[in-house]
Amino acid sequence: MSEPAPDERLHEILELLRADGGRVTSARRAVVASLMASEGHVSAESIAAEVQAAMPDVSVSTVYRTLEVLDRLGQVEHVHLGHGPSLYHLADRRHVHLLCRRCDRVIELPDADLAELADRLRHDHGFALEPRHFALLGTCAVCAASADAASG
Ligand SMILES: [Zn+2]
Ligand SMILES: [Zn+2]
Ligand SMILES: [Zn+2]
């Protein structure tokens, strides 16, 4: 279960793009490289800004289209954290998100933490939950503690 080296992973994703009938342009390669280099959740705009620093001719819509294809190919996932733009990360890092409404802290959890709920929804309602697509909103422990201190 060792993770592939970054170069191999980049190559693998570019091969999938090629197999999908897409051309592997330097812009697409740069989008994938930028995603791989980012640890957290990045917007299409910030990927575009990074790519454009080296390749000013690449348009934001090229970045969006590349992300859409990668999403369709199962290589990239996006998540909606609150009201901001969609944020992207490689599908290698699968997780669900808790978002604190007060401090915007994002807590990442394994999918398995929502497995019981997902199973129940499927069983009771025939509903297939996509737990990674949206964040669950609430108040984190730190903010809850400071609210308690303020009211107590
Ligand atoms: Zn995430
Ligand atoms: Zn908080
Ligand atoms: Zn979405």
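So the values come out like this:
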read-out: Test: residue in region 48-56 that is of a type in the set (Asp, Glu) and more than 14 Å from the chain's Cα centre (by Cα); value: yes
read-out: In region 119-145, the residues that are within 16 Å of ligand 1 (Cβ to nearest atom) and open to solvent by 70 Å² or more (accessible area, probe 1.4 Å); value: GLU130, PHE134, LEU136, LEU137
read-out: Count - residues of region 88-110 that are closer than 29 Å to ALA147 by Cα and either open to solvent by 30 Å² or more (accessible area, probe 1.4 Å) or touching a helix residue (DSSP H, G or I) at 6+ places or on another chain (Cβ under 8 Å) (or both); value: 14
read-out: Residues of region 102-137 that turn out to be farther than 26 Å from VAL76 by Cβ and either assigned to a strand (DSSP E or B) or aromatic (Phe, Trp, Tyr) (or both), as a count; value: 0
read-out: Unique residue being open to solvent by 90 Å² or more (accessible area, probe 1.4 Å) and under 20 Å from the mean Cα position of the chain (by Cα) when the list is ASP113, ASP148; value: ASP113
read-out: Residue check for ARG105: closer than 30 Å to LEU10 by Cα and in contact (Cβ under 8 Å) with a residue 24 or more places away in the chain; value: yes
read-out: Within region 58-81, tally of residues that are away from ligand 1 (no atom under 13 Å from the Cβ) and either in contact with a His (Cβ under 7 Å, 6 or more places away or on another chain) or more than 26 Å from GLY21 (Cα to Cα) (or both); value: 1
read-out: Sole residue being out of contact with any His (no Cβ under 8 Å at 6 or more places or on another chain), away from ligand 1 (no atom under 16 Å from the Cβ) and either over 20 Å from LEU35 (Cα atoms) or of a type in the set (D, E, K, R) (or both), chosen from ARG105, ARG101; value: ARG101
read-out: Criterion (within 16 Å of ALA27 (Cβ to Cβ), in contact (Cβ under 8 Å) with a residue 24 or more places away in the chain and small (Gly, Ala, Ser)) met by exactly one of ALA54, ALA48; value: ALA54
read-out: Residues that are closer than 19 Å to ARG72 by Cβ, away from ligand 1 (no atom under 16 Å from the Cβ) and aliphatic (A, V, I, L, M), drawn from region 6-44; value: LEU10, ILE13, LEU14, LEU16, LEU17, ALA19, VAL24, ALA27, VAL31, VAL32
read-out: Matching option when the condition is within 16 Å of ligand 3 (Cβ to nearest atom) and at pLDDT 95 or above, among ALA91, ALA128, ALA135; value: ALA128
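Okay, residues lined up against (1) modelled with pLDDT of 90 or more; (2) surrounded by 12 or more Cβ atoms within 10 Å (Cβ to Cβ):
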residue	(1), (2)
ALA5	no, no
ALA30	yes, yes
SER43	yes, yes
SER46	yes, yes
TYR64	yes, yes
LEU67	yes, yes
HIS78	yes, yes
GLY82	no, yes
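The values are calculated or read from the model by the stated rules, or taken from the named source; none is laboratory data. Values in this document were obtained by computation on a predicted structure and should not be read as measured data. Quick reminder, even Gly has a Cβ in these numbers, built from the backbone with ideal geometry, and neighbours come from all protein chains shown. Side chains included, ligands, DNA and RNA excluded: accessible areas come from the protein's heavy atoms. Shrake-Rupley method; radii C 1.70, N 1.55, O 1.52, S 1.80 Å.
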